Amino acid sequence: MKNLVIPAAGLGSRLLDKTKSIPKIMVDINGSTIFEHQINSIKNIVSIRDIHFIVGYKKNTLISYLKALNLKYNLHFHFNEKYRTTGCSDSLMIALNKIKSGFIYLNSDLIISNKSFINFVDSKYKNLILLRSLDQKKETVLQKAYEVDNKIRKMDLKLNSNYNAEAVGPVKFTNKARKDIIKTFNNFSSKERE
C-alpha cells in the first residue's frame, strides 16, 4: 500500500485544553507530537510513499508544521471546508475520491508501535482492521465489534450486546474496497438527502 490517509480536520474537542491553538495531531505526548510518534511507527515500511492529510481546523498551522519536517514522503493536503459540522467519514471521502489505489487509514490520534504497524501492513489479509479484545462491560467511544475466527461479524457504534472487541485501527483497504466504500457512502448520502 503506497497511500496512508490521516484525517486531521476535526476540532479535537475531547482534548480542548490542548487544542485551542493547534490541531490534535500536533499535541505533545512525552516530548513528541502525536504525528511524530506516528512517523516513527511507519518509518520502516517502504511501501508507503504518499501521505494524505485531510485538514480543516487550524489547517495552515498543520500544513506549515508538516512541511517543516522535511519528510521523505509525498504529502497531499485535502481540505474539508465543512470540518465543523461533518465527521471522519466525510473527511475520508474527500481523499478517497482523489486516491486511485488501496490505502491505509490511520486516525490522527492513534499511536501504534513500529513492530505492530509492520505486522499489520505485512499481514496476509488484504482488508484488515486492528481490533482490541475487551470486557463487554467497559464502555468507550470506539466502534464495537463482534469478531469470530479473525472475521468481523458485526460492527457498530451502537452495538449494545454480543460484542467482544473494539475497532481501534489502523485499517487497510484494497482498491476494490476503496471503490465499494465510495459507492456505499454515495448511496447512503443520497438516501439521507431524500
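The values are calculated or read from the model by the stated rules, or taken from the named source; none is laboratory data. As the structure is a prediction and not an experimental result, all values here were calculated from the model. Note that each Cβ is placed from the backbone with ideal geometry, even for glycine, and that neighbours are counted across all protein chains shown. All accessible areas refer to the heavy atoms of the entire protein, side chains included, with ligands and DNA or RNA removed. Shrake-Rupley method; radii C 1.70, N 1.55, O 1.52, S 1.80 Å.
What to note about this one:
- In this structure, ILE152 does satisfy being of a type in the set (Val, Ile, Thr), farther than 16 Å from ILE6 by Cβ, modelled with pLDDT under 90 and more than 16 Å from the chain's Cα centre (by Cα).
- Filtering the stretch 9-26 to residues that are within 23 Å of PHE120 (Cβ to Cβ) and open to solvent by less than 10 Å² (accessible area, probe 1.4 Å) leaves only ILE25.
- Scope the stretch 51-66; condition open to solvent by 10 Å² or more (accessible area, probe 1.4 Å), in a strand (DSSP E or B) and farther than 11 Å from LEU106 by Cβ; matching residues: LYS58
- LYS144 vs. criteria touching a Ser or Thr at 6+ places or on another chain (Cβ under 8 Å), over 9 Å from PRO170 (Cβ atoms) and of a type in the set (D, E, K, R): no
- Test: residue in the stretch 49-72 that is touching a residue at least 40 places away in the same chain (Cβ under 8 Å) and closer than 18 Å to SER113 by Cβ: no
- Looking only at residues in the stretch 159-187 that are open to solvent by less than 30 Å² (accessible area, probe 1.4 Å), among the hydrophobic types (A, V, I, L, M, F, W, C) and within 19 Å of GLY102 (Cβ to Cβ), the one that is modelled with the lowest pLDDT is ALA167.
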